[in-house]
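For reference, the structure is listed below as structure tokens.
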Amino acid sequence: MTTTRFAPSPTGHIHVGNLRTALMNYLIARKAGGTFILRLDDTDRERSRQEYADGIQRDLEWLGLHWDRIERQSDRLDRYAEAADSLRGSGRLYEVFETPTELDLKRKKQLNMGRPPVYDRAGLGLSDDRKAALRAEGREGYWRFRLDHERIEWPDGIIGEVSIDAASVSDPVLIRADGQVLYTFASSVDDVDMGVTDIVRGADHVTNTATQIQIIRALGAEPPRFAHHSLLTGPQGEELSKRLGTLSLRDLREQGVAPQALLSLMARLGSNQPVALRMDLDELAEGFDLSQFGASPTKFDAEDLWPLTRERNQHLPYDTVRDRIAAMGVPDDIAPRFWDVARQNITRLDDLAEWWALMRDGAQPAIAPEDAEFVAQALALLPPRPWTDATWGEWTAAVKSATGRKGKGLFMPLRKALTGMDHGPEMAGLMPLLQNIRA
């Protein structure tokens, strides 16, 4: 069975870059009828917070990305200790004591000699007596994974064939001196134990994947299928990472972006398929194929979300907005008509409040000096309430006959006098809803 996972760290709010990873993994599982796991990578005790974990779940639920099960790495510390003991026993995990300053000096020396700044494995040569002496000096040991110096290769689902020389990569630190298990190790153990078959993540993880393939094999398992999607840039190709804080899913939701708009864009962004609004995830899953995505950086422009949001909102049936409209104070007897008239002129659902305010309270008239006499004459011809769908046509016909005005010179001054705007719903449909006019 296909099993995928989304594994965010609950150290902040998730953003559009995280969503791209979550959605791809979700769609793979959904298309195959498999399992999608939400795994909270919360081994960082200082930075992980429950409020962020709750926020991640809230964001995914808003989008309809429902997980089949949830896991927390903080519940699995004993399992990581067991796996670490296994790797120590096989000679793949070794203790080191260098300080950050010492490591930095080593890297600078290697670079000055024209060599790649790869850890020199000095820790492998330490005797038990030397380790004890270092501890007596107050040094704290931490643990590195000993890579086999061979080529690590895999057929990447997006990038294609990948081959990395393990000798060009430092032996990764898996366990810190304070005992904290790091991402590279905990993630590998989890993927083995949870039967993860497919992993999609950002291209910045390619080197991690190489080392994790060896870790997974050292644990006695075969690695899953990997695919690395391109990283997002701004609309001009600029680095987006510094702006991701302003593109959190929470903020986009509060701005009024429709979930279907966000999903429709992110499910096709960077692929050879056109972006089109899809109202449900089954439609997105049906057309999803990793082979259609490219490896080049992908441009993301938040402005592209608004046309999709507008399209989604304008096609919602009345029943889905009934409660929102009632909460605005629109009387039940005119609420369906209000929705039919207003929806073609909104982008966000919050825009409905502005249209109801106009209909309920009237708008400040916008009357050009040269139109003042004409508008006054026209208003004198305005028939008494109640107004119907026919009122606008009958009124403008009478005004045309009395003044000789026609076309835009007839209709636009009247629209602006009643609504204060030069755009909006068809006036024939709007007039019966106008509770008040200020002209």
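Considering every pair of different Cα atoms, what Kirkwood radius, in Å, is found for segment 180-294?
16.6 Å
Out of Val162, Val192, Val206, any idea which swings most in a Gaussian network model of the chain, alpha carbons joined below 10 Å?
Evaluated over the chain, the most mobile residue of the options is Val162.
How do Val200, Val16 line up, fewest other C-beta atoms within 10 Å first?
Listed from fewest to most nearby Cβ atoms, that is Val16, Val200.
Which value in Å is the Kirkwood Rh of segment 4-68 over different Cα pairs?
With all distinct Cα pairs of segment 4-68 included, I get 12.0 Å.
Could you state, as a whole-number percent, how many of the C-alpha pairs of segment 319-433 are farther apart than 21 Å?
When all Cα pairs of segment 319-433 are counted, 39 percent exceed 21 Å.
With the crude spin-label approximation of a point 7 Å out along Cα→Cβ, what separation in nm comes out for Ala295 versus Met1?
3.4 nm
With the chain treated as a Gaussian network of Cα nodes joined by springs under 10 Å, which of Ala402, Ala29, Ala218 yields the largest mean-square fluctuation?
Looking only at Ala402, Ala29, Ala218, the largest GNM fluctuation is found for Ala402.
Within segment 374-439, which trypsin sites (Lys or Arg not before Pro) sit in a loop by DSSP and count at most 12 neighbouring Cβ atoms inside 10 Å?
Lys406, Arg438
Rounded, prolate or oblate: pick one for segment 352-410, where a ≥ b ≥ c are the square roots of the eigenvalues of its C-alpha gyration tensor, a/c under 1.5 means rounded, and failing that, prolate if a/b is larger than b/c, else oblate.
Oblate is the answer for segment 352-410, as a/c is 1.5 or above yet b/c matches or exceeds a/b.
Got the relative contact order for the chain handy, in percent, Cα pairs under 8 Å and 6 or more residues apart?
Normalised by residue count, the contact order of the chain is 13 percent.
Let me have the 222 nm mean residue ellipticity of the chain computed from DSSP H runs of 4+ only, each contributing -39500 (n - 2.57), with the sum over all residues rounded to the nearest 500.
It comes out at -13000 deg cm²/dmol, rounded to the nearest 500.
Exactly which trypsin sites (Lys or Arg not before Pro) in segment 33-113 are in a DSSP loop and have at most 10 other Cβ atoms within 10 Å?
Passing sites in segment 33-113 are Arg45.
Among the DSSP beta bridges whose two residues both lie in segment 186-343, what percent are antiparallel, rounded to the nearest 5?
For segment 186-343, the DSSP antiparallel bridge percentage is about 20.
Would you work out if segment 233-313 is rounded, prolate or oblate? Take a ≥ b ≥ c from the square roots of the eigenvalues of the alpha-carbon gyration tensor; rounded if a/c is under 1.5, else prolate when a/b is larger than b/c, oblate otherwise.
Oblate, since a/c reaches 1.5 and b/c is not below a/b.
Is segment 1-128 best put as rounded, prolate or oblate by its Cα gyration tensor, with a ≥ b ≥ c the root eigenvalues, rounded for a/c under 1.5, and otherwise prolate when a/b is larger than b/c, oblate when not?
Here segment 1-128 falls in the prolate category.
Hey, rough spin-label estimate for Arg135 and Leu379, points 7 angstrom out along Cα→Cβ, what's it come to in nanometres?
9.1 nm
How tilted is helix 50-63 with respect to the longest principal axis of the chain? Cα atoms for both, answer in degrees (0 to 90, nearest 10).
50 degrees
Please give the FRET efficiency for His66 paired with Arg217, using the beta carbon to beta carbon distance and R0 = 51 Å, rounded to the nearest 0.05.
0.95
Put a dot 7 Å past each Cα toward the Cβ at Ala368 and Val162; how far apart are the dots in nm?
6.2 nm
So how tilted is helix 305-314 from the main axis of the chain? Cα-based, degrees 0 to 90, rounded to 10.
It is inclined by approximately 50 degrees.
What are the GluC sites (Glu not before Pro) within segment 1-92 that DSSP puts in a loop, where the Cβ has at most 13 other Cβ atoms within 10 Å?
Within segment 1-92, the qualifying GluC sites (Glu not before Pro) (loop, at most 13 other Cβ atoms within 10 Å) are Glu46.
Tell me, rounded to the nearest percent, the portion of alpha carbon pairs in the chain spaced more than 38 Å apart.
44 percent
Sort Met1, Met412 so that the residue with the fewest other Cβ atoms within 10 Å of its own Cβ comes first and the one with the most comes last.
Met1, Met412
Calculate the FRET efficiency for Asp304 and Arg438 from the Cβ-Cβ distance with a Förster distance of 45 Å, rounded to the nearest 0.05.
After rounding to 0.05, the efficiency reads 0.75.
Segment 202-237 to segment 11-38: how many Å between their Cα centroids?
About 15 Å separates the Cα centre of segment 202-237 from the one of segment 11-38.
Taking the Cβ-Cβ separation of Glu46 and Ala357 as r and a Förster radius of 41 Å, what is the calculated FRET efficiency to the nearest 0.05?
Plugging the Cβ-Cβ distance into 1/(1 + (r/R0)^6) gives 0.30.
Can you tell me which of Ile37, Ile164, Ile367 moves the most in a GNM of the chain? Springs connect C-alpha atoms under 10 Å apart.
In this elastic network of the chain, the residue with the biggest mean-square fluctuation among Ile37, Ile164, Ile367 is Ile367.
Where a number appears in this text, it was derived from the coordinates with a stated rule and is not lab data. All values derive from a computational prediction rather than experimental measurement. Glycine gets a Cβ as well: all are built from the backbone with ideal geometry, and neighbour counts include every protein chain shown.
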